[in-house]
Number of protein chains: 2
Amino acid sequence: MLLEGVNYPEDLRKLSVDELKVLAAEIRDFIIKTVSKTGGHLASSLGAVELTLALHYVFDTPKDKLVWDVGHQTYAHKIITGRKDKFHTLRQYGGISGFPKVEESIYDTFNVGHAGTSISAALGMALARDLEKSQENIIAIIGDGSLSCGIAYEGLDNAGYIDTDLIVVVNDNNMSISPSLGSISAYLSKKMSGPVYNKLRDEIEKLITTLPLPHEPALKLARKIEESMKFFSPGLLFEELGFKYFGPLDGHKLEDLIKIFNNIKKIKGPIVVHVVTKKGKGYKPAEENPSLFHGIGKFDIESGKPLKSTKNKSCSSIFGDKVVDLMSKNPNVVAITAAMLIGTGLQKAKDIYPDRVFDVGIAEQHATTMAGGLAMKGYKPVVAIYSTFLQRAYDQIIHDIALQKLPVVFAIDRAGIVGDDGETHQGVFDISYLRCVPNMVISAPKDPKELEQLLEFATKYEDGPFAIRYPRGFCEEFDEKFVLDRIEIGRWQRLTDGEDLAILAVGNCVKTALNVSEKLKLKGISSSVFNALFIKPMDEDVLRSLSSYKAVITIEENVAIGGFGEGVAKFLFENGINVSFRQFALPDVFIEHGSQDILRQKYNLGVDYITSQSESLLINKGS
Amino acid sequence: MLLEGVNYPEDLRKLSVDELKVLAAEIRDFIIKTVSKTGGHLASSLGAVELTLALHYVFDTPKDKLVWDVGHQTYAHKIITGRKDKFHTLRQYGGISGFPKVEESIYDTFNVGHAGTSISAALGMALARDLEKSQENIIAIIGDGSLSCGIAYEGLDNAGYIDTDLIVVVNDNNMSISPSLGSISAYLSKKMSGPVYNKLRDEIEKLITTLPLPHEPALKLARKIEESMKFFSPGLLFEELGFKYFGPLDGHKLEDLIKIFNNIKKIKGPIVVHVVTKKGKGYKPAEENPSLFHGIGKFDIESGKPLKSTKNKSCSSIFGDKVVDLMSKNPNVVAITAAMLIGTGLQKAKDIYPDRVFDVGIAEQHATTMAGGLAMKGYKPVVAIYSTFLQRAYDQIIHDIALQKLPVVFAIDRAGIVGDDGETHQGVFDISYLRCVPNMVISAPKDPKELEQLLEFATKYEDGPFAIRYPRGFCEEFDEKFVLDRIEIGRWQRLTDGEDLAILAVGNCVKTALNVSEKLKLKGISSSVFNALFIKPMDEDVLRSLSSYKAVITIEENVAIGGFGEGVAKFLFENGINVSFRQFALPDVFIEHGSQDILRQKYNLGVDYITSQSESLLINKGS
């Protein structure tokens, strides 16, 4: 095993190119075996093995800086930069992250998880290098899917203008998570098919044939011109933005990659190297179904089948099924997502209503404002975006949707603790950043049935934007008796009746609240559990009635600051409702990776902790 | 006066092209005269007069939809769509808005104020049109400055891919607010200067000269090829994204504009029409200094000089001067802005330290992440962006800066009520959307001296991002005795000493608090005023000490929800500090346009209102 002797890039640099090829195969095996046990982003990382080796082979890392975009393609990078022995802890609580992390390694230059940031970060580093008059190479590695992000374009646009030394490697696998959408991606894969080229070629050919030239040389000339134009074709767009373009290259041919990286090291100014790779490369099930193997749980290597017990339906699939149902009933319902057709559950609706479901690529800003255009014309857009990615569309939510009271439904998937993907992906800010936006309704269902009810209600709501947040993973089922008769804006649901304590809980925390209530009952404490399915507006009738309790607690999977509980506290305090109070919510820190269960316990959203704290709250009140 | 007879586009369509030219001149006069009295966005609107007339002349508005980007160029549009008689109320409280507003007119199709949204909104409308199988034209009109926005690119990328009928008029005046930056803008103005063209041309010429052709025809051919390539040049980038390109056209030649708009009406698919205009056209002082006349107050038409009494220095100019001072002392301080060099006060620093001040164009996302790259390499970036525009960079603040605890200083200008620009521009959410972000320090100076102190402190702070929010306009001076000795993170300043009421005030509201305190004193109520210069972290020692007062109030120029006062309420309530409480802040609505003074009174941030409410609060407490 060559891999046994390779711990850092310096070990790599002692190998021949032929040995590197062997090493690439070993690394692939190692990744497949590990990820089959840990789960993770398999397909992207398999596609980037040779690219990773070539970059570390040619460039003088860590002095030269590799800035990975998104970062889920960096498993090979992690393995050859000192983390081979920890690789089995991938994405586990306390283990190494699934994304680059500056805290983990000097070879990780910038933390990442969301798409499109690498060019901007790398340009900042390049400017710093210029100011300090040092010489290192700065290399951003970005997928074609990420090139649909506005920030990636802002970075290209500015880098081309500033014109300093910067290498952008475009890793083109014609996929973001689903197959890539958008012109730029189509553009990369086409050769000489654009209307301009066709027109230009026609024109030149016409010129040549009308000029008094001998027949043979004229044809030869025409062919040569066409060839030289072809040569330039895929890079024109980058060249127009001020970059020198090289490619396309086969991203699995180590010799070619090493040769071109060695050559461009000497070239000044902004450079694009266009590398074509295959997502899932080297593992057949992943090559054949790269979307399934984009982010996958444990799987059987032999069969390529996921190993998971599907106990309940996920919130996403309940959402997706309900969208299909609503589309069948109401021709005005349309759906929009940003490169998350499968993840959000919208694939089924896309299959049945292809003209009414729009996947815009990784472009949350555009997705939101485009929904505004549709809503302005009377359509009911359901915009399905994960909580963490919706942060990208914050200004559009305020400026294009809420300000005009446009009835856009925001289906906020992966709200709360998401688990393994860690700090860049936790959906723990949306309650805070949406509550302050005027005209915004924010809701959270406690169970699958309520998700359906809220979604149906939302698509009939005409007075402005309506957000529904729901967690990653399975949707807790509730007892039949807890089904809501009807949804009413700002109206909460009382689930149990007690006198000592009122528990106001949001979304998946309602289950926790019921469990807390049960435990407290055993200790002789009676409590009322309220399902606060509307985070905004709040149920002020319920809030005013809380003076009859000794204590009030709130439970939510969002940061405490600006969260639901803070709003409740403000209302009660300002209205002189004199009860003991405690907000259970996430602390003012970024939440690391680990299983959802572990993190909920660690961050004090578990039943036992809340029960004991509530008990103390009542005892202190009594004293 | 032709203008007398023109109230709606239908009146326009009865005129000849020669009459339109006369009308254009009359409209220019009318705009100049009005804006000289009201203030407003003069230069952009003067540049778009012929374009506006031609669009309404050719297209069947309001059935056909004009979607204006940014919207500050729409004065001519407002004048010929039923608002001529109200035009003198422009930007005044109760008058017409300086931006398109759906509520004002059926000809305004989408509210706007921030840049880059038009293509996405128009594409949404086009998709709606396709779904309802109607036929109208949808036209987005976007400036070259707005094309540096990520969302504009996301819109282009998706529109080119979707390939439905959509017209994008690029109004190219080589300016955003300051002269445009970024490759796309440079690109639009260049012809055949790119490396690809040069290389391609060289290659073709070499081919021609090496082939056995007669000398004369070969040269003629080379020239013709060059010409035909030139013809295609400025549109290639758009063509590559899937658009058909027409232009460039002289945007002040009505005949040409009308002819081309008539022609393209019949063409299918996404189209770009590239129109070149002159910002400030027809008013010499504005043509010569378009940046000054971008957004201007009252001015003297004859001399082109602004009519304003400069009583105090603006916060922006204090900020700008201090940046120069800090740059002179610390070579690691750099500054970044997004097309706001003049507005933020950074122009002076740019003039003195051109290599250390970066204006990235309208690209707040990129500005923020690029700052992250600089900070990662040990530099101290000061990112100066208006509060309302910083919303665009929300995800980057969380994901690229706060998560890595990068010491980036955010200088948040125009925080609070901004006045005349109205609801799209009010900076009233930043406290709420930043408070919930871990690792973020948020501060607000009460006066010019403190702005300087906080900025100096922030550039020495190493533990993470540091935001300083300050208002639009003049910075209130304070008595010498209120100068802080030293800044300490999370430490508030007590300004007056009382027993009945504690007033916690943020930024420019500290002045209000002192005035309230004075008035209450006359009524026999003593109060302690605290300058809460740190919104996060809060001064918990002060908060814990508040139990000695009968009542506590907070004052801030931010929405109440998620604001400073809400955080204070939560702390006091959860800690059982039993006092009466009231948060004075902005309500949960979008704040319209009008003078800052009028709006502060209307939204209950005036001294008299707060005084009387505080009195009641104490009386109720006493009862």
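Exactly one residue out of A:S545, A:S517 is at negative phi, of a type in the set (S, T, N, Q) and free of Cβ contacts under 8 Å to residues at least 12 places away in the same chain: that is A:S545. Does A:Q426 count as out of contact with any strand residue (DSSP E or B) (no Cβ under 9 Å at 6 or more places or on another chain) and either at pLDDT 95 or above or not small (G, A, S) (or both)? Here the answer is no, as A:Q426 does not meet what is asked.
Note on the range A:35-75: residues that are without any contact (Cβ under 8 Å) to a residue 60 or more places away in the chain and more than 23 Å from the chain's Cα centre (by Cα) amount to 3.
Scanning the range B:293-307 for residues that are in contact (Cβ under 8 Å) with a residue 40 or more places away in the chain and outside any strand (DSSP E or B) yields a count of 6. In the set (1) without any contact (Cβ under 8 Å) to a residue 24 or more places away in the chain; (2) in contact with a strand residue (DSSP E or B) (Cβ under 7 Å, 6 or more places away or on another chain), the condition left unmet by A:H399 is number (2). Taking first residues from the range B:328-342 that are free of Cβ contacts under 8 Å to residues at least 60 places away in the same chain and partners that are hydroxyl-bearing (S, T, Y), the Cβ contacts under 7 Å between residues at least 6 apart in sequence or on separate chains come to B:N332/B:Y379; B:V334/B:Y379; B:T337/B:T344.
A:E423 meets each of the listed conditions (1) more than 10 Å from every other protein chain (Cβ to nearest Cβ); (2) out of contact with any helix residue (DSSP H, G or I) (no Cβ under 7 Å at 6 or more places or on another chain); (3) under 30 Å from B:Q404 (Cα atoms) apart from (1). Hey, among the residues in the range A:56-75 that are among the hydrophobic types (A, V, I, L, M, F, W, C) and surrounded by fewer than 24 Cβ atoms within 10 Å (Cβ to Cβ), which one's nearest to A:S105 (Cα to Cα)? Checking each candidate, the answer is A:F59. Test B:G567 against the criterion of being in contact (Cβ under 8 Å) with a residue 24 or more places away in the chain, facing another protein chain (nearest Cβ under 9 Å) and under 26 Å from the mean Cα position of the chain (by Cα), and give yes or no. So B:G567 does not fit the description; no.
In the range A:438-449, the residues that are over 24 Å from B:S432 (Cα atoms) reach residues that are surrounded by fewer than 24 Cβ atoms within 10 Å (Cβ to Cβ) and among the β-branched types (V, I, T) with C-beta atoms within less than 7 angstrom, at least six apart or across chains, in these pairs: A:P448/A:I318; A:K449/A:V483.
Yes/no per residue for (1) over 22 Å from the mean Cα position of the chain (by Cα); (2) more than 11 Å from chain A (Cβ to nearest Cβ); (3) at pLDDT 95 or above; (4) within 19 Å of B:F243 (Cβ to Cβ):
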{"residue": "B:N111", "(1), (2), (3), (4)": "no, no, yes, no"}
{"residue": "B:I119", "(1), (2), (3), (4)": "no, no, yes, yes"}
{"residue": "B:G124", "(1), (2), (3), (4)": "yes, no, yes, yes"}
{"residue": "B:Q135", "(1), (2), (3), (4)": "yes, yes, no, no"}
{"residue": "B:I138", "(1), (2), (3), (4)": "yes, no, yes, yes"}
{"residue": "B:G143", "(1), (2), (3), (4)": "no, yes, no, yes"}
{"residue": "B:L147", "(1), (2), (3), (4)": "no, no, no, yes"}
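Selection within the range A:76-94: residues that are touching a residue at least 24 places away in the same chain (Cβ under 8 Å) and part of a loop (DSSP other than H, G, I, E, B). The member of this set that is surrounded by the most Cβ atoms within 10 Å (Cβ to Cβ) is A:L90.
In the range B:360-373 there is no residue that is in a loop (DSSP other than H, G, I, E, B), surrounded by fewer than 24 Cβ atoms within 10 Å (Cβ to Cβ) and either more than 9 Å from every other protein chain (Cβ to nearest Cβ) or not hydrophobic (A, V, I, L, M, F, W, C) (or both). Against the numbered list (1) crowded, with 18+ Cβ neighbours inside 10 Å; (2) at pLDDT below 90; (3) more than 14 Å from every other protein chain (Cβ to nearest Cβ), A:P234 comes up short only at (3).
Considering the range B:389-420, the residues that are among the charged types (D, E, K, R) and assigned to a loop (DSSP other than H, G, I, E, B) include one that is farthest from the other protein chains (Cβ to nearest Cβ), namely B:D420. Does the range B:244-263 contain at least one residue that is under 26 Å from B:G160 (Cβ atoms), modelled with pLDDT under 60, surrounded by 16 or more Cβ atoms within 10 Å (Cβ to Cβ) and within 9 Å of chain A (Cβ to nearest Cβ)? No, the range B:244-263 contains no residue that is under 26 Å from B:G160 (Cβ atoms), modelled with pLDDT under 60, surrounded by 16 or more Cβ atoms within 10 Å (Cβ to Cβ) and within 9 Å of chain A (Cβ to nearest Cβ). Looking at the range B:312-338, which of its residues are more than 24 Å from B:A393 (Cα to Cα) and part of a loop (DSSP other than H, G, I, E, B)? Hits for the range B:312-338 are B:N312, B:K313, B:N330, B:P331. Taking the residues in the range A:468-511 that are within 22 Å of A:F319 (Cβ to Cβ) and polar (S, T, N, Q) as candidates, determine which candidate is surrounded by the fewest Cβ atoms within 10 Å (Cβ to Cβ). Only one residue tops the list, namely A:Q493.
The values are calculated or read from the model by the stated rules, or taken from the named source; none is laboratory data. These numbers come from a predicted model, not from an experiment. Cβ coordinates were reconstructed from backbone atoms using ideal geometry, including for glycine residues, and neighbour counts include every protein chain displayed.
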